[in-house]
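Structure first, commentary second.
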Amino acid sequence: MSKNYRAAAATPPLIADIPTKVGQLNDYLFDRNIAVGQGRDGASVLVRPGIVILRPVSGNAAARIAELAEQNGWTLTPRLGGFQTVEIPAAAANIAGERRYSVREISRLLEALDEFQPSPVYVYAGAVSGSPFLSGSPFLSGSPFLSGSPFLSGSPFLSGSPFLSGSPAPLNSAVPADAPTNVRKRLDLDGVPRPKVLVLDTGLAVNSNRNVEHPLLAPACVRHPDWRSEPSEDATDDDDEVDVTKDSRRELQSGHGTFISGVVHQVCPDAEIHVDGVLSSHGFGDDISAGEGLFRALTRTENTIDIVVMSFGGYTADDNPPPLAAYIDAALDERERLSTKRTESGESPLPGLLLVAAAGNNNSPRPMFPAALANVVSVGATDAEGRAFFSNYGGWVDACAPGVDVVSTYFTDFSEVIEPPVELEHLHVHEKDKDEPTSLGAQAIKQEFKGWAKWSGTSFSAPKVAAAVAQEMYLTGVDAPTAWSRLCHWEKFRYADLGVVFNIR
Ligand SMILES: [Ca+2]
């Protein structure tokens, strides 16, 4: 390889536009303020249009950034933790005549701010099986939900696919379930502190008085005075809303945070659960909502949270860590620093902090973040046979737990009617059943939610592992990192590319 040849080759941009629209999802993603781009190897990413994020800088660098922003008419916004964002109006990133965003403006911002190591703001989605987002390249073709017939036969997956529903918006794939008969009771051990688990997700379902809606969760979940409530379907507030759009249908991931809180509670009933909303009702968040949610929650609890559950994830353009990694590093550093300060003044140290994340549901070894970060426990999903067909896998996956047909807490009173999937008749997979009426093709489905639902995904495996760590803490008195190191000891049973097996119902 000659030096001249290398010098002559232009460096391709970190992120480029994908050549085509993404089918029916196009409008949906546009309405959610999400741009679809591709990295240098063609793998797709979801990013916010017209914005980049910069890590903390000071002195001359800060002044230089302000000067550049002034010259170019960019909006500079300080963010929690010393981050700042540089933004042009999202509308300027719109592809002319189409309802989709271009990532060209992001590329320009990245180039202009190169010396400050800017990053796109990556979009994260709740890791629910049946959600078609975030698949490998080209966009959506790697989705297992459209390729193999077994996946089309189970109704949650079918109803989660926008291509089959006849609806421009993808449907929520949680289905009603009966209340479990064997919910474990609290041990209420004398003088033993409750492990504190923070759920960063869509929030928690509350009633009109802003009290925790679900009777099982009411004694377990802590509501903080700065509870955020905003009547917008794309708000990343602390309310887990059932139907913000008022069309009598749940949004794509309505109930996700409430469900996960219930998974934590069922595995470790003595855990004290804290919730911070970082995803919208559609299940979308980004580096800013997730990073700031983490900071906000750790600050309000005076850095006493033991375990953080992040059942969401996204991909980056170069498969290197996203800005959320810097927020996580900062949170861990802060915990360490505050703890040292306490011990130096003769107080007891703060507990160690453990972060746990869902590995994602794209049946892929491509690293999904934040799960793939070295300082985050990454959790994949199993079924009765081994790896669940949708679960991501690879050396970056640390643990796994059952993630199919998980039953947990949900909205206590909601009914919705799902119209028959209009395009079903065009599919060949059901050809042999053509003459037999199916519950899917023939009639609308009415779903009544009475507090419990059944849902699948690595989203629900991650809180099982987090709660198993919490239970170990509670029973043995160690902190979360120590409990995790015991539970992932080399003697424990592992699956290849899926880590330590937590066979928790
Ligand atoms: Ca709705």
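The values are calculated or read from the model by the stated rules, or taken from the named source; none is laboratory data. Since this is a predicted model, take the numbers as computed values, not measurements. Note that each Cβ is placed from the backbone with ideal geometry, even for glycine, and that neighbours are counted across all protein chains shown.
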Within the group Ile288, Ile307, which residue is within 26 Å of Tyr474 (Cα to Cα), surrounded by 19 or more Cβ atoms within 10 Å (Cβ to Cβ), in the same structural domain as Gly262 (by TED's automatic domain parsing) and of a type outside the set (Phe, Trp, Tyr)?
Ile307
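Would you pick out the residues in the stretch 227-236 that are away from the ligand (no atom under 16 Å from the Cβ) and either buried (at least 22 other Cβ atoms within 10 Å of the Cβ) or not polar (S, T, N, Q) (or both)?
Trp227, Arg228, Thr236
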Can you name the number of the only condition in (1) at pLDDT below 85; (2) part of a helix (DSSP H, G or I) that Thr11 fails?
(2)
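Name the one entry in Val429, Val406, Val417, Val422 that is hydrophobic (A, V, I, L, M, F, W, C) and at pLDDT 95 or above.
Val406
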Which pairs do you get when a residue that is in the same structural domain as Leu279 (by TED's automatic domain parsing) and in contact (Cβ under 8 Å) with a residue 40 or more places away in the chain, found in the stretch 243-268, comes within reach of a residue that is β-branched (Val, Ile, Thr) and within 11 Å of the ligand (Cβ to nearest atom), reach meaning Cβ atoms under 7 angstrom, with the pair 6+ apart or on two chains?
Arg250/Val242; Glu251/Val244; Glu251/Thr245; Ser254/Val242; Gly255/Val242
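This table checks each residue for (1) within 15 Å of the ligand (Cβ to nearest atom); (2) modelled with pLDDT under 95.
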residue	(1), (2)
His214	no, no
Pro225	no, yes
Thr245	yes, yes
Ser248	yes, yes
Before we move on, is Leu76 under 28 Å from Asp319 (Cβ atoms) and part of a strand (DSSP E or B)?
no
How many of the residues in the stretch 270-283 are within 16 Å of the ligand (Cβ to nearest atom), modelled with pLDDT of 95 or more and either within 14 Å of Ser408 (Cβ to Cβ) or in contact with a Lys or Arg (Cβ under 7 Å, 6 or more places away or on another chain) (or both)?
0
Just checking, how many residues over the stretch 354-390 are of a type in the set (S, T, N, Q) and modelled with pLDDT of 95 or more?
3
When the stretch 250-266 is checked residue by residue, the ones that are among the small types (Gly, Ala, Ser) and either on the phi > 0 side of the Ramachandran plot or more than 16 Å from the ligand (Cβ to nearest atom) (or both) are Gly255, Gly257, Ser261, Gly262
State whether one or more residues within the stretch 180-188 are assigned to a loop (DSSP other than H, G, I, E, B), under 22 Å from the mean Cα position of the chain (by Cα) and surrounded by 13 or more Cβ atoms within 10 Å (Cβ to Cβ).
no
Please verify whether the stretch 171-190 includes one or more residues that are in contact with a strand residue (DSSP E or B) (Cβ under 6 Å, 6 or more places away or on another chain), within 16 Å of the ligand (Cβ to nearest atom), modelled with pLDDT under 95 and not assigned by TED's automatic domain parsing to the domain that holds Ile305.
yes
What is the one condition in (1) more than 30 Å from Ser415 (Cα to Cα); (2) surrounded by fewer than 15 Cβ atoms within 10 Å (Cβ to Cβ); (3) touching a residue at least 24 places away in the same chain (Cβ under 8 Å) that Glu491 does not satisfy?
(3)
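Test Val267 against the stated conditions and say whether it is modelled with pLDDT under 95 and more than 15 Å from Tyr124 (Cβ to Cβ). Explain how you work it out, then say what you get.
Working: modelled with pLDDT under 95: no; more than 15 Å from Tyr124 (Cβ to Cβ): yes.
Criteria not met by Val267.
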Can you give me the ranges of the strands (runs of 3 or more DSSP E) entirely in the stretch 266-378 with at least 3 residues that are under 20 Å from Ala35 (Cα atoms)?
284-286
